[in-house]
1. Work out from phi, with θ = phi - 60° and the Karplus expression 6.51 cos²θ - 1.76 cosθ + 1.60, the ³J(HN,Hα) of each residue of region 74-82, listed in order in whole Hz, and give x for Gly and Pro.
2. Where both partners of a DSSP beta bridge lie in the chain, what percent of those bridges are antiparallel, to the nearest 5?
3. Spelling out what I want: for every residue of region 23-29, take phi, set θ = phi - 60°, compute 6.51 cos²θ - 1.76 cosθ + 1.60 (Karplus), and round to whole Hz; glycine and proline get x.
4. What dipole magnitude, in Debye to the nearest 20, does the chain give about its Cα centre under +1 on Lys/Arg Cβ and -1 on Asp/Glu Cβ?
5. Given 0.36 nm per residue, what is the gain on full extension from GLU52 to ALA12 after removing their alpha carbon distance, in nm?
6. Shape verdict for region 33-111, please, from the Cα gyration tensor: rounded (a/c under 1.5), prolate (a/b greater than b/c) or oblate.
7. Between beta-carbons, use under 9 Å as the cut-off and find the net charge around TYR105, counting Lys and Arg +1, Asp and Glu -1.
8. Can you tell me which lysines have their Cα less than 17 Å from the Cα of LYS30? Leave out same-chain residues fewer than eight positions away.
Amino acid sequence: MTGSSAPKTAEALMRSRYAAYVREDIAYLKATLWPKYQKSFDGPGTARWAAESHWTGLKVLKTERGEEGDRDGTVLFEARYLSGGKLTTHRELSLFRKKSGRWYYVEAVPE
């Protein structure tokens, strides 16, 4: 993630993180995680889940705030994947926060 290619909105970051799961780009997932949580990031577990899943689609259901001028925002999405022969939908309301002009994924929050 370079300064010129950093996502400009929370939704753009969420979409790029989905693409990182598809590409199994675990370093990107860690780099775009809120700095406080990077030390405890489970890289091997995340890599295993990404590799064992065949990602089949992403649907953004709702965004609140998270634009270029905002400091935080949420994105509600559904990501579909096949794992162990079963089609699963992961639905999550994600909190994103901006620090030093860059968006980060913070955590899933209750809907």
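Read-outs: derived from the displayed coordinates by stated rules, not from any lab. The structure displayed is predicted, hence computed values, not measured ones. All Cβ positions, even for glycine, are placed from backbone atoms using ideal geometry, and neighbour counts span all protein chains on display.
1. In residue order, the calculated couplings are 10, 9, 9, 9, 10, 10, 9, 7, 9 Hz.
2. 95
3. 7, 6, 8, 5, 4, 5, 4
4. 180
5. Numbers: separation 40, 0.36 × 40 = 14.40 nm, distance 2.46 nm.
Gain in length upon complete extension: 11.9 nm.
6. Oblate.
7. Details: positive: ARG17, ARG97; negative: GLU107.
Result for the neighbourhood of TYR105: +1.
8. Qualifying lysines at Cα under 17 Å: LYS39, LYS98, LYS99.
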